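Asker: This is the structure I have questions about; it appears just below.
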């Protein structure tokens, strides 16, 4: 196994593109190192991207924020402006692992690991966040929702590296929230999860909404039917019930050691309802 | 039973919360655990394990692996001897399969190589020819006639013909005539329960270093709860004399009963013998889950008759336990413990052991008792709900006391159950108001406790300090407790004493650290070793003073003349006597050897408040209080730690921990991610209320406290969940999907 600490995104992309064997990208390493140690992967090349300039910084851009691909959960959690703008993204990201893991883990890594249960992905999808990808032929911007294709699989091509994630601007009276269900209170993987992002008009009516569910399908799913149940309402019980039903309808989970199909489906709707209420309150809505 | 050991006394040091002697080492990383041992020329040992739940091993081709550069030895079951003794044979076959792989993870071959990568590569080159056989992993399925047979010819004579060959033994305990008692009941309730297998969940994986010399001597360093037992088992498997195998126990990162046998130690010794070099084996977490001892998994039927005022008229239980792929006696302890808390005229328990294609059970805190007492205490709670009776009052009404003929035979001497129940009833927790949706549950618990073979040496150093050599690995603060008891008896400060755990060549045989025996039995032997040393010191003082030894007494850490007639001499302290010991007869040491009896049974009562999230089925534990009789708490912090630790493990067992097997018979969750022990944030503060009803069998009244605490949580939480959610579950764990399903009806 060879190790390369790339000095530019282009160098990383070139090395990955020209590697004939199996390669892995190392950012925080909280997935890759565990997989290496467990013998799950035996890569020929590991490319460390942490030395790429700008990859560990958060910068303001067009009213939103650009988060470098190697920014850790702990670093993001200390960024007051970002946490105020996208509290659901911050809380989703910071649920991953332990305090120690938070010192290393990255959102881009969480996304590229391709798990449908990834805690940072539903809030990124609900936020319409966009990944910037550097490949051998240059950069491209891709909505987060278009990156995962199934457990462990993404639309990233050979040689492509996510270098940053852009969180867009949003108006006043807007907020998001993320909830997951785990049998414990921490150190666990979501059995089901939900992110809700809302924008309210001055009267407290929902003007726009996004709902994304995790761990209930092969990928994180954006549920437009659920979001549309909320638009034009003040989250009355009936709207919430319809939204929860739409969430349940969008679920296509597996039955496994972490949860049954029935349980995941039911819980996804419950979590979406609760997350919607939190996001609504954060956005200044009152009930 | 020796019930005349206890004499009342005022303690000066016992009962204080001194600093633990192993604390600094453990928090600074200096402590040497199993994986920390190294030796020159050491090889890395790795084990190849069956991916099948049940398979005949038709052949193992190791030639390609042997040809790999850096591979120094490979062994299979064929390298170990045929064993006549059934118990030893089962231990050996569990360490290395012989003809059949009996469970997913069963060892089939092992490699010693110069480094880990080579050892791993060699494992991939070993070709095992398996004939996959039908498997059975569930106790209720395995008991059915026609179920796949795990092992043939293991059934004892007391099992009726016509049952599955997986049923290996039957036991029956009790007295009276249950039919007569049931006839007097106002209500008879029959319920069936199931509990999942749980793992002890110690943080430190098994690890050992074996060095077998060309002259037939061997040394073994390992993390274990009993180095002498490791020596017995390994010497038998290696066909060595005990004197030629020295076993040294490392510091231990948790055991809870799971480190009372061997798994990798004989394998490392056999590899070392073959390679001619030291071999170290460290298990991965995956190996720990798949191949070391979880508990039994169980299926139990309970029938209890009660009058409307809460008197139990008769009780019966039928227990079906599976300790995995080998015969297992744990069901007998479950059957004996089931109704031990109650004074019953008519009681009967029946135990059946059933083999399944799962790893061989190892002891886990009060083995067998949590499962059976869970079923009994949950059924009792349902009867209390039916009659609208207070659950503590009903237990008080039926509590076993001094003179009760226990459900397993013996008549109880002084026991602390009534006092423990009364303490629970008087505690503010029991009367604290609950909010809507919250529920409170209680349960009693019981464990027998054990004494056993114990040997202690106490050496008086010439500078006035004392060294104690004992033979039981310290899994719960026992070195501090032993030093405290010696300090009390000798009348010298605690910090002048250092207690060490010796290797097997340094001391007579000591039973394993189990059965909550160490503070009781090693403490007893330590007190008597101190008394032996005191006698010798009185003799030295007599010699110096020129008076009879009988005319010298020990008082507050010094010799004094026994009375005015003995003469007038200033007291000689331990340090003063020790300083001149070379002139008065040489070194001073005390010894005591005993097969200790009179351990004294232990009862506990737990109260727990929970709140069930009705939308997700998640249970939050809000408040928890443990009441337990410690006889005398030598070091109260450690006693509280045992009580809290038992509660924590019981909370895990009740809510989330379970061995999950797939249809393929493979363990689905061999890791701490999906085998969910509680994390700190899952737990409420756990109050520990220590009661002290002296054990007549110990000089200071000590009872073991290590095990009882894991018994009550299973039913206490079940009862609380029922009172919170309004539905009663009869299966553990009460994981959120199960609770949600029950709520949905």
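Each reported figure results from applying straightforward, stated rules to the coordinates on display, with no laboratory input. Keep in mind it's a predicted model, so treat the numbers as computed, not measured. Virtual Cβ from ideal backbone geometry, glycine too; neighbours counted across all protein chains shown.
Asker: Peptide A:257-263: average number of partner chain Cβ atoms within 10 Å per residue?
Answerer: Numbers: counts 10, 8, 4, 5, 1, 4, 9.
Averaged over the peptide's residues, the number is 6.
Asker: For the stretch A:174-282, what's the relative contact order in percent, using C-alpha pairs closer than 8 Å and at least 6 residues apart? Let's see the in-between values first.
Answerer: Details: 236 pairs, mean separation 34.3, N = 109.
For the stretch A:174-282, the relative contact order is 31 percent.
Asker: Same structure, new question: Just how far, in whole angstrom, is the stretch B:283-304 from the stretch A:242-276 if you go by their alpha carbon centroids?
Answerer: Distance between centres, Cα-based: 31 Å.
Asker: Order the peptides B:249-261, B:164-176 from the highest to the lowest mean number of other Cβ atoms within 10 Å of their residues. Show your work: numbers first, answer last.
Answerer: Working: B:249-261: 23.3, B:164-176: 19.8.
Packing proxy ranking, top to bottom: B:249-261, B:164-176.
Asker: Radius of gyration and Dmax for the stretch A:174-282's Cα atoms, expressed in Å?
Answerer: 13.4, 46
Asker: Turning to a different aspect of this structure: Per 10 Å bin from zero, what fraction in whole % of the C-alpha pairs of the stretch B:92-133 is there, up to the bin with the longest pair?
Answerer: 26, 47, 26, 1
Asker: With a cut-off of 8 Å between alpha carbons and a minimum separation of six or more residues, what is the relative contact order of chain A in percent? Numbers along the way, then the final one.
Answerer: Values: 709 pairs, mean separation 47.4, N = 287.
It rounds to 17 percent for chain A.
Asker: Quick one: angle between helix A:9-18 and the longest Cα principal axis of chain A, in degrees between 0 and 90, rounded to 10, please.
Answerer: In chain A, helix A:9-18 runs at an angle near 70 degrees to the longest axis.
Asker: Here's something else I'd like to know. Per residue of B:612-619, what is the mean number of Cβ atoms on other protein chains within 10 angstrom of that residue's Cβ? Present the calculation step by step, with values, prior to reporting the outcome.
Answerer: Values: counts 0, 2, 1, 9, 10, 5, 6, 1.
Per residue, the number of nearby Cβ atoms from other chains is 4 on average.
Asker: If you count, for each residue, the other Cβ atoms within 10 Å and average over each peptide, how do A:19-26, B:24-31, B:696-703 line up from highest to lowest?
Answerer: Those peptides, ordered most packed to least, come out B:696-703, A:19-26, B:24-31.
Asker: Still on this structure, I have one more. Taking the alpha-carbon centroid of each part, what is the distance from the stretch B:435-494 to the stretch B:657-718 in angstrom?
Answerer: Computed from Cα coordinates, the inter-centre distance equals 19 Å.
Asker: Sort B:362-375, B:541-554 for me by packing, meaning the mean count of neighbouring Cβ atoms within 10 Å per residue, highest on top.
Answerer: Working: B:362-375: 28.6, B:541-554: 17.0.
Result, highest mean Cβ count within 10 Å first: B:362-375, B:541-554.
Asker: Write down, largest first, the equivalent ellipsoid semi-axes of chain B in whole Å, where each equals the square root of 5 times an eigenvalue of the alpha-carbon gyration tensor.
Answerer: Semi-axes (√(5λ), whole Å): 42, 38, 22.
Asker: Which whole-number percent is the relative contact order of the stretch A:1-114 (Cα, under 8 Å, 6+ apart)?
Answerer: Details: 173 pairs, mean separation 30.5, N = 114.
Relative contact order comes out at 27 percent.
Asker: Quick check: convex hull over the Cα atoms of the protein assembly as shown, volume per residue in Å³, rounded to an integer?
Answerer: On the way: hull volume 202.9 nm³, N = 1032.
Taking the convex hull of the Cα positions in the protein assembly as shown, it is 197 Å³ per residue.
Asker: Other chains near A:179-186: what is the mean number of their Cβ atoms within 10 Å of each residue's Cβ? Intermediate values should be presented prior to the final figure.
Answerer: Details: counts 0, 0, 6, 3, 14, 10, 8, 4.
Shielding by partners across A:179-186 averages 6.
Asker: Take the alpha-carbon centre of the stretch A:172-227, take the same for the stretch B:549-606, and report the distance between them in whole Å.
Answerer: If you average the Cα positions of each part, the centres end up 72 Å apart.
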